[in-house]
């Protein structure tokens, strides 16, 4: 980073710390005064020349007096948080295409692989077993094709997507609705650490910003903005994932949806998107075909064929794509419990199924 970029980032960070200034207002101020440093050094009373700030000048001036730009910058360095702006080479290209791109992005990890194609996978926090499995599988397959996975590190679908990409050696980035000195949800602290080391954790919110409900819709526009397309795996009728899909449409990006059980409330959002024209997704190849076919690029997922013996095929054919108890598998197979147990273990090792708590098994 050159000296001029660093100086500009110091004052962009300071402006971003003022609570009533957002991306649009900071962009307006910087453009009007020529630089972030000039905008910061101008008394707030002079901001009356800038539309949209009337009535808030006193609050802006009060907050500015409490902020020392250089101290704020040192705080970032001490916390090992990096930041970038649209004028820096490491700023994600797709974000520059937004109407009002974030004036500053904070991150831990690396943004380098965001220069490659990326797809967002989002969905309900209180998702079903099916939702977690689909999200993880899609993310793993996209990682195998060299596509980055973007999500929001929330519990449920988001966490499954991040883990699916990481487990297959892929790159994944999480966009948070708080400053990077906070981990939200707290249960994902280990995941946040892994993302910082193997992918990235990103936020447009300054250090010190706590996770607040109003921040998450704003965060969602960054998730879609970083991605060529957004995949909604499970969503209720009022899910935040639908907000992300809405931003994707506004940004002229693709929207995909995974169909689910017609009786499940977690399928209603996805089915609504499908009725409105979203692309139906059964596998990651559906996503790849839609995103790259028009560009003359055919990405395929490399998967080695799985060899099964007759007994393994027989047992696997009995197991649906939803959990089935081992007692039912034994009864339907008409085989001994010990024999079925050994076959189930072999199928699990070959990644044909997974075991869930309570001796239930489900096809993958």
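Read-outs: derived from the displayed coordinates by stated rules, not from any lab. No experiment lies behind these values; they were computed from the predicted model shown. With ideal geometry, Cβ positions are generated from the backbone for all residues, glycine too; neighbour counts draw on all protein chains shown.
For the chain, the relative contact order works out to 12 percent when only alpha carbon pairs closer than 8 Å and six or more residues apart are counted. Note on the chain: Cα Rg divided by 2.2 N^0.38 Å, N the number of residues, gives 1.14. Using every pair of separate Cα atoms, the Kirkwood estimate puts the hydrodynamic radius of region 112-295 at 15.8 angstrom. By the count of other C-beta atoms within 10 Å, a proxy for reagent exposure, 8, 282, 193 are ordered fewest to most as 282, 193, 8. Where both residues lie in the chain, what percent of DSSP beta bridges are antiparallel, nearest 5? Once the DSSP bridges in the chain are tallied, antiparallel ones form about 40 percent. When 100, 216 are sorted by how many other C-beta atoms sit within 10 angstrom of their C-beta, beginning with the fewest, the order is 100, 216.
Using the Cβ-Cβ distance between residue 351 and residue 89 with R0 set to 35 Å, the FRET efficiency works out to roughly 0.30.
Against the chain, whose longest principal axis comes from its Cα atoms, helix 189-198 is set at around 80 degrees. For the chain, the longest principal axis of the C-alpha atoms and the axis of helix 69-78 are separated by about 30°. Computed from Cα atoms, the angle from the helix 337-349 axis to the main principal axis of the chain rounds to 40 degrees. With R₀ fixed at 41 Å, the C-beta to C-beta distance from residue 38 to residue 276 puts the FRET efficiency at about 0.35.
Across region 112-295, C-alpha contacts under 8 Å between residues 6 or more apart give a mean separation that, scaled by the residue count, equals a relative contact order of 21 percent. Each 5 Å bin, from zero up to the one with the longest distance, holds this percent of the alpha carbon pairs of region 310-363: 4, 23, 40, 27, 6, 0. Residues of region 118-162 with an amide N closer than 11 Å to a point placed 7 Å from the Cα of residue 198 along the Cα-to-Cβ direction: 162. With a cut-off of 13 Å on the backbone N, no residue of region 334-355 is near the modelled label site 7 Å out from residue 325 along Cα-Cβ.
In the chain, the DSSP-assigned H stretches of four residues or longer account for a calculated mean residue ellipticity at 222 nm of -13000 deg cm²/dmol, using -39500 (n - 2.57) per stretch and the full residue count as denominator. In percent, how large is the relative contact order of region 3-107, given Cα pairs closer than 8 Å and 6 or more residues apart? Relative contact order for region 3-107 comes out at 33 percent. Once the C-beta distance of residue 129 and residue 336 is scaled by a Förster radius of 25 Å, the resulting FRET efficiency is 0.35 to the nearest 0.05.
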